[in-house]
Every structure is written in C-alpha cells, then in structure tokens.
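> Below: one structure in structure tokens.
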Amino acid sequence: MVAEPVPFKTRIPVHVCAADPLSRAGITSQLRRAPGFGIVDGELPDDVVALVVAEELDNPTLGEMRSLRGRGVRRILLLVSRVDDRGLLAAAEAGVTGVLRRSEATAGNLAAAIRSAAAGEGTLPPDLLGRLLRQVGQLQRQVLSPRGLTFSGLTEREAAVVRLLADGCDTSEIAGRLFYSERTVKNIIHDITSRLELRNRTHAVAYAIREGLI
C-alpha cells in the first residue's frame, strides 16, 4: 500500500520574475502543480519568495533584484544559466538569498531551494560557495584591510572600544586598556554613533550585539 502524501499546511507565496515570457510561463505552471506553493503578483506579501530567472546576472537582472528589495522583498532566489565571480559578488550585494543554476533546477531542487529561502536559509552550489568565499576574502584583503575596515562596518579599534563598552567600562577605563587618550576614545564613540545614526553608547552596544558585530 502506498502512503498518501501529506499536504502542506501552508502555501509559500512565490513571485516569478523572468524577462522571457516562455520561461516565466513554464516555471509558473510547474510551481502551480507542486504542493505548497502559491503564485502571487501585484502587491507582494512580506513572506513572499521572489524567483528571478535569467540567463546571466546582467544590469537589468540586478536592477530587478534591487527593485524587489525596494518593495520590501527579503527572500530572493536567483535561477541563472551562468554567473561569473563578479556577478556572484554583485548578487550577494543585491541581497540574494540563494542561487541555483538552471541546468541543475529539477522540480525537486527548485522546490527545495524555494522552501529554504522561505525559511530564511541560503542555497548555493558548492563550487559557487567556494568562489564567493574567495571573492569575499580578496575584498577584505585588498580593499577593506588597507583602510582599517572590516565587514562589520567597524574599524578594528572601533570594535575594540565597543567591546569594552559592552563589558561596562567607562571612558577612562577604555583609554587605559587600549592606551588611548580619553579624547581619542570619545572621538571614536562619537564617530560610531554618528555614522550608524545611534543615540548614545548604550544604543551603540545594543546595535553591535544585535547585528553580530562584537
């Protein structure tokens, strides 16, 4: 006896974006037949997964993804035929949740990638992950590090000051531990709060902890 498939309790809203109408129609039809998905257009709900279909990551595709982000979409899955290292980094900067090659997009793989995106998880083929990590490392070494910056948005000394603030240290204690003048510590804190539009030291600590910066 074959067990009946268990129906999904909720349907994941999916918005399909494709310049090629045939690709859009084919993928939309496939998703309509799959359990657990609902195709949406027009006003997009907060939990929508946007599926962007393209041959390559060109400027119009990047523009489409940025437009989706501007509309409040936070889950973007890119289904692309080919992507180079530059395009991969651009996709990450545009806020893509996952990338799937069209040649590898079986019905099962596509459904799994959409469900992962809906759950806030990323999807990336292993070789693309390796390429992305190399790009990120290169960016850190060649661009950020020479300027004393990190991906956290804080310089190394700013991060050190915020860590000590989080430990409850006052200005004089921070100055003593880091061998800075109190004026330097105050200037660093002022730079952090001004740049990140934070109200005060407590807000700076709370922001750094919430964003995983320390």
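Coordinate-derived values only; no laboratory data. Predicted model only: the values in this text are computed from it and were never measured. Quick reminder, even Gly has a Cβ in these numbers, built from the backbone with ideal geometry, and neighbours come from all protein chains shown.
> Over the Cα atoms of the range 149-210, what Rg and Dmax result, in angstrom?
10.5, 28
> Arrange the following residues from fewest to most other Cβ atoms within 10 Å of their Cβ: LEU128, LEU68. Working shown, then result.
Numbers: LEU128 17, LEU68 22.
Starting with the residue having the fewest Cβ neighbours, the order is LEU128, LEU68.
> Right, something else. So, with +1 on the Cβ of K and R and -1 on the Cβ of D and E, and no other charges, what is the size of the charge dipole of the range 12-139 about its Cα centre, to the nearest 20 debye? Intermediate results must be reported in sequence, preceding the final value.
On the way: 15 positive and 15 negative charges, 37 e Å.
Roughly 180 debye for the range 12-139.
> Please go through the range 34-88 and write out the GluC sites (Glu not before Pro) that DSSP classes as loop and that have at most 14 other C-beta atoms within 10 Å.
Sites meeting the loop and neighbour criteria: GLU43.
> Would you pull out the residues with amide H under 5 Å of LEU51's amide H, same chain only if 5 or more places away, H placed 1.01 Å from N?
So LEU51 has HN proximity to HIS15, VAL16, CYS17, LEU77.
> Still on this structure, I have one more. What do you get for Rg/Rh over the range 1-126 if you use C-alpha atoms and the Kirkwood form of Rh?
0.97
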